[in-house]
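The values are calculated or read from the model by the stated rules, or taken from the named source; none is laboratory data. Remember, predicted model here, so these are calculated numbers, not experimental data. FYI the Cβ positions are ideal-geometry reconstructions off the backbone, even for glycines, and counts take in every protein chain you see.
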Amino acid sequence: MKNDPRRPGAAHAAGATSQSAGARHLDTPPTARELFEVRPVPDASAEDVAAVVPPDIDQEVVVRFRYPVRFTRRILDPANHTLRDAVGPAVPARVLVVIDQGVTDAHPTMVDDVFAYCAAHADALELAAEPLVVGGGEAIKNDHGAIDEVRAAIDTHAIDRHSYVVAVGGGAVLDAVGYAAATAHRGVRLIRVPSTVLAQDDSAVGVKNAINGFGKKNFIGTFAPPHAVLNDLDLLTTLSDRDWRSGISEAVKVALLKDAAFFAWIEANATQLRERSADAMARLVHRSAELHLIHIAASGDPFELGSARPLDFGHWAAHKLERLTRHDLRHGEAVAIGVALDCTYAGLTGRLDELGLRRAIAALEAVGLPVWHPALDAAGNSGRPAILDGLEEFREHLGGELTITLIDGVGSGVEVHEIDEDLMLEASARLRRHTEQGRGPAWSRTQARAR
């Protein structure tokens, strides 16, 4: 049988009838020279030599990520070691601090407090430069110049891969600064200090960061787990009522998806949450963050390589509403409306019973969140409601088939791959009537096929 030159070692072995001097026994590992030495192929034509194909290599890399999520108060009090303990083991650690202007406006001594804290812990923290204060809100995710400013500071102040960027602010600032850190030196260590309910109970504890681009939310970004997340609950005390309540929507969302007992707790404590009970909010933030972290660790897809994003229940509509309202709606408010819309749709398809739907809508309203907005009726370029374009944009962001998370009971999520657009518009209409007339969401089971 003619020797196959593509079989590693076959042609070379075919011409050998005895072990020659210097030949390697099969049980002896090859030397580096033997591995890379080019040997003639006996009795092989030029065409045979050209047809040699090396064997394929299948690579597998397993990487374990571990990062602490801490809950504290007065994080910049020198007696508080939470920030100090987050760096290491090599100290002193060089740090660049970036602060949301909204935080410095609410806490005028913040910059001085950073200097004082680092001075008190000079053996562990080396402040690379005066803290950089950046604009907050969704505007920073649209201002790519701000991202370049952070990266320029990383470069100017010699922040390397063993240094730290400490980002203090709301979810948008953490997103933007996180993206800048993740793309400088292919990844600088990031410590997040979230300052809003929404960031502390959801976005800051995850592994994503992004900015907006090409008219699309979070179009440009990376997956980069933080080095640490430090939740200072005292930072929440200066939030406006609107921002305080806005972040509760993410807790309602994850409770509806994963924890019926937590949802019942939110129902029972809605008044305290709405009226700014610090203790109630601390419990809500902790459990919501915990549920998000459990999903990220146990879902099997922390970097969203598939087509499903269960934690984005209600978000296909929320992201579109933010753009349609030019971000007049807070992200949390848009999420509340998106959750209400998808719950009503689930009720109309027969997936969610009447009690479950009424509980979901009532809980959102009880904590002071909206469940409908006129932008749901806004016409798109094609003449149909623009909100429906959010379905395809959501699918495109993940790729693959459309996958929308709904609930089929309180604490139980389910994925669907088709949406009846007419029924979705009916869900919006019922929420509009509910909002305008102040009564229940006109729930009634239809004969629509559950999808």
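One table, with the values for the structure above:
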item	result
Residue in the range 135-143 that is in contact (Cβ under 8 Å) with a residue 60 or more places away in the chain, more than 17 Å from ARG84 (Cα to Cα), in contact with a Gly (Cβ under 7 Å, 6 or more places away or on another chain) and not in a loop (DSSP other than H, G, I, E, B) present	no
Matching residues, the range 303-315, being under 15 Å from GLY206 (Cβ atoms) and modelled with pLDDT of 80 or more	LEU311, ASP312, PHE313, HIS315
Residue among VAL91, VAL95 that is closer than 30 Å to THR156 by Cβ, in a loop (DSSP other than H, G, I, E, B) and either touching a helix residue (DSSP H, G or I) at 6+ places or on another chain (Cβ under 8 Å) or modelled with pLDDT of 60 or more (or both)	VAL91
ALA270 vs. criteria closer than 28 Å to ASP328 by Cβ, surrounded by fewer than 24 Cβ atoms within 10 Å (Cβ to Cβ), among the aliphatic types (A, V, I, L, M) and touching a residue at least 60 places away in the same chain (Cβ under 8 Å)	yes
Residue in the range 283-291 that is β-branched (Val, Ile, Thr) and either crowded, with 20+ Cβ neighbours inside 10 Å or modelled with pLDDT of 95 or more (or both) present	yes
Qualifying helices (runs of 4 or more DSSP H) (wholly inside the range 330-422; at least 3 residues being closer than 26 Å to TRP244 by Cα and among the charged types (D, E, K, R))	354-366
From the options ASP160, ASP175, residue that is assigned by TED's automatic domain parsing to the domain that holds ASP85, outside any strand (DSSP E or B) and over 17 Å from the mean Cα position of the chain (by Cα)	ASP160
Only one of LYS208, LYS258 that is farther than 19 Å from VAL103 by Cβ, modelled with pLDDT of 95 or more and either in the same structural domain as GLU275 (by TED's automatic domain parsing) or surrounded by fewer than 23 Cβ atoms within 10 Å (Cβ to Cβ) (or both)	LYS258
Condition check for SER240: surrounded by fewer than 21 Cβ atoms within 10 Å (Cβ to Cβ) and touching a Pro at 6+ places or on another chain (Cβ under 8 Å)	no
First in the range 95-120 and over 20 Å from ALA228 (Cα atoms), second anywhere and surrounded by fewer than 17 Cβ atoms within 10 Å (Cβ to Cβ) and among the hydroxyl-bearing types (Ser, Thr, Tyr), Cβ under 8 Å, 6 or more apart	ALA106/THR238; HIS107/THR238
Residue match in the range 212-232 (condition: touching a Ser or Thr at 6+ places or on another chain (Cβ under 7 Å), at pLDDT 95 or above and not in a strand (DSSP E or B))	no
Every residue from the range 352-390 that is more than 25 Å from ARG276 (Cα to Cα) and touching a His at 6+ places or on another chain (Cβ under 8 Å)	GLY390
